[in-house]
Amino acid sequence: MAKRKLTSLRTVLLRYLLLCGGGCALILVLWWIIFMQLINIGFLLPAVASAQACADARETVAAVTAETFDSNQISDLCRWAVVQNDAVLQTNMTARQLKIALNDFHGGSGNLGYTQYQYDVKMADGSFCLLQYDYATPYADPALRDTLPEFQTCYFVLLAALILVWLGWQTHCTVRVFAAETTCLHRAVDAIAAQQPERIDADGAHLREFSATLHAMQTMGRELTDSLQSQWRMEQQRNEQIAALTHDLKTPLSIIQGNADLLAEDDLTAAQQTQVEAILRGTDRAQQYLAALRTACAPPATRETFPSHTLVNELAETARALCAPAGVQLILNEQWQGTLCAAQCDLLRAAENLLDNAVRYTPRGGTVTLLVTKEKQDFILRVTDTGPGFTPEALAKAGEMLYTDAARSDAAHQGLGLYFARKVAQSHGGVLVLSNLPAAHGACAELRLPICE
């Protein structure tokens, strides 16, 4: 397949700048040509026409008096006002224009516009004629000057509008180019999230930098998918090995326990009886370990719909049974009741593991709190205690299979309770969050599961 020709970001931006600058220059040139043509055909008068008309009027009004002043002798390109002893005798100005003219006549500043000019002409009788004109290009037809807005201002507004429309159009076209490229990136991210890197269209981009990014994301997606599949296969293999090991150990343990039971029925010396009891305790502990391993490696149970209050009631009974012998106070805080869609037996077992850990590491006279609440669309089951809390190592590794915290381990702890709780949380699309309470006031273990409506 022929190699596609890609465009670089630099080329796109350079093209954008050239089109914007070149288009604006072309608009300006065409605007100026049309402007000059309107003057050439006589539709407009040149800007100096008003200035020349006002210059001619200066000579005319200087030779007359206020009484002999004839407005017909002055071009309508000029605005005028006859002033005698600060009184306005005649004018063709508007009230605003007259106010500006008088202010300028009396020495004011900053009133005339940037295109306005004024002459204060002394007449033959000592009166003054204020002549004012605009250095602009007026319409040649006086009727148009009286009815239409000022041409020059409107023409400049038209120029600005054309430039803005051109720049906006070029910006829109360039944004569409980048939007198409980013759409490819969004599709690639969705494909990676779905673990389907083959859906990434690395050849869909037309910009070199975006194409390189898509190829990198495609490679990353493949490697990530391979890594996850490899991890899943290793997890399955480990579970199968553990299941096979527990099955193989079950038979010899049963034989040992059976023979130990038979020995215990015989007449034994005190020392022999002690040894047989130790064997029975050891085999019973081994059976418990194997049962815990089988539970931890079992596949997730089928989900069902049930009231959350049913789960809380069962947990409360279990918690009371655990707290009473240990001399620990139980606080139950049920802030939310609703309907859950989950594997009830697995969720119950996971929560019981959290309660068992909390009671085990809470000193006599301490407190264990079970909080059930809802945050946004998450079901929260939080167990806190007043024990020593987790070590930094435990916060990082707790939940891994067979991990035990040296600071919180004992002979009956197999490192499977938090592993099973985390496994249940993940199978429901949730998380197990472990933390320490502020000021070293104990530990907190939280099951956070999305609520399925």
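Per-structure values
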read-out	value
For the chain, accessible area per residue (1.4 Å probe, heavy atoms of protein chains only), Å²	57
Accessible-area value, Ser75, 1.4 Å probe, nucleic acids and ligands omitted, Å²	40
Cα centre as origin, Lys/Arg/Asp/Glu Cβ charges: the chain dipole, Debye	840
Probe 1.4 Å - accessible area at Cys154, Å² to nearest ten	60
Farthest toward positive dipole pole in the range 90-141 [+1 Lys/Arg, -1 Asp/Glu at C-beta], among Asn92, Asn103, Gly126	Asn103
Computed label-point distance, nm, for sites Leu332 and Gln377 using a 7 Å Cα→Cβ extension	3.0
Leu89 long-range amide H proximity, modeled H, under 5 Å	Val82, Val83, Gln84
Residues Asn85 and Leu26, FRET efficiency given R0 of 60 Å [Cβ-Cβ distance, rounded to 0.05]	0.55
Per-residue [θ]222 nm for the chain (sum of -39500 (n - 2.57) over DSSP H runs n ≥ 4, rounded to 500)	-19000 deg cm²/dmol
Accessible-area value, Leu102, 1.4 Å probe, nucleic acids and ligands omitted, Å²	40
Cα radius of gyration and Dmax for the chain (Å)	46.7, 156
Ordering of 256-263, 317-324 by packing [mean C-beta count within 10 Å, highest first]	317-324, 256-263
Relative contact order of the chain, defined on C-alpha pairs under 8 angstrom at six or more residues apart (%)	10
Area projected by the alpha carbon convex hull of the range 102-224, averaged over all directions, nm²	15.4
Considering only the range 325-386, percent of DSSP beta bridges that pair antiparallel, nearest 5	55
Under Karplus coefficients 6.51, -1.76 and 1.60, residue-wise ³J(HN,Hα) of the range 423-435 in Hz, glycine/proline x	5, 5, 4, 5, 5, 9, x, x, 9, 10, 10, 10, 7
Share of carbon and sulfur in the accessible heavy-atom surface of the chain [1.4 Å probe, %]	58
Theoretical gain in end-to-end length, Thr153 to Asp201 [0.36 nm per residue, Cα-Cα removed]	12.0 nm
DSSP beta bridge pairing in the chain, given as percent antiparallel to the nearest 5	85
Relative contact order [Cα under 8 Å, 6+ residues apart], the range 63-131, whole percent	41
Note, ³J(HN,Hα) from phi for the range 5-20, Karplus 6.51, -1.76, 1.60, rounded to Hz, x at Gly and Pro	8, 9, 9, 8, 4, 4, 5, 4, 5, 5, 5, 4, 5, 5, 5, 5
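The values are calculated or read from the model by the stated rules, or taken from the named source; none is laboratory data. Being a predicted model, the structure only gives us computed values, none of them experimental. Cβ atoms come from the backbone with ideal geometry, glycine included; neighbour counts cover every protein chain shown. Protein only, heavy atoms only, side chains kept; ligands, DNA and RNA dropped before computing areas. Shrake-Rupley method; radii C 1.70, N 1.55, O 1.52, S 1.80 Å.
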